[in-house]
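Here is the structure we will look at.
Every read-out reported here was derived from the displayed coordinates using simple, explicitly stated rules and does not represent laboratory data. If you're wondering where the values come from, they're calculated on a predicted model, not measured in any experiment. Quick reminder, even Gly has a Cβ in these numbers, built from the backbone with ideal geometry, and neighbours come from all protein chains shown.
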Ligand SMILES: [Fe+2]
Ligand SMILES: [Fe+2]
């Protein structure tokens, strides 16, 4: 279907992001099971809870705008990122090296989400959807803080490996 204006583009990107988050609700439990470090397991479990809330926010954002609804489509970008993560799990044993790879895979996902929500916030603002912008900005904040947390865990993991 052709995208004719910024509103339709917004709806398309919102739907893509909804697919991306749904895929993450299935990937995060697997990442938590594959991780070795307790803090990393906890971080994945915590972000799973956040991700479930983020899916609700996407619905709320769509509901706050007349004529907008989330469509069923697949985020191929997220599908590929998750596949890379699964391949990483398959080619490592449980331990610090796999944990480093899991953190790398998770940070790619977070950066992808930060880009997606950054654009959604900007578009919502341009279109005058103030409520939707506020809702999506909450999620953007969570994605950024998850990325920060993973950076810290990556540094601790390097120390763990050396010790
Ligand atoms: Fe997310
Ligand atoms: Fe995330």
- [ ] Can you grab the distance from the C-alpha centre of region 1-16 to the C-alpha centre of region 30-66, Å, no decimals?
- [x] 24
- [ ] Compute the acute angle (0 to 90°) between the alpha-carbon long axis of helix 96-126 and the principal axis of greatest extent of the alpha-carbon atoms of the chain; round to the nearest 10°.
- [x] 10
- [ ] Only helical DSSP H runs with n ≥ 4 go in: add -39500 (n - 2.57) per run for the chain, normalise by residue count and round the 222 nm mean residue ellipticity to 500 deg cm²/dmol.
- [x] -29500 deg cm²/dmol
Task: Spin-label model distance (nm) - residue 107 vs residue 131, 7 Å beyond Cα toward Cβ - done: 3.9
TODO: Assuming R0 = 22 Å, can you tell me the calculated FRET efficiency for the pair residue 155 and residue 52, based on Cβ-Cβ distance, to the nearest 0.05?
DONE: 0.20
TODO: Please determine, in degrees from 0 to 90 and to the nearest 10, the orientation of helix 38-63 with respect to the longest principal axis defined by the Cα atoms of the chain, where the helix direction is its Cα long axis.
DONE: 10
- [ ] Take every Cα pair under 8 Å in the chain that's 6+ residues apart, average their separations, divide by the length, and report that relative contact order as a whole percent.
- [x] 29
Task: R0 of 22 Å, Cβ-Cβ distance residue 80-residue 147: FRET efficiency to nearest 0.05 - done: 0.70
- [ ] Rounded to the nearest 10 degrees, what's the angle between the helix 6-34 long axis and the longest principal axis of the chain, both from Cα atoms, 0 to 90?
- [x] 20
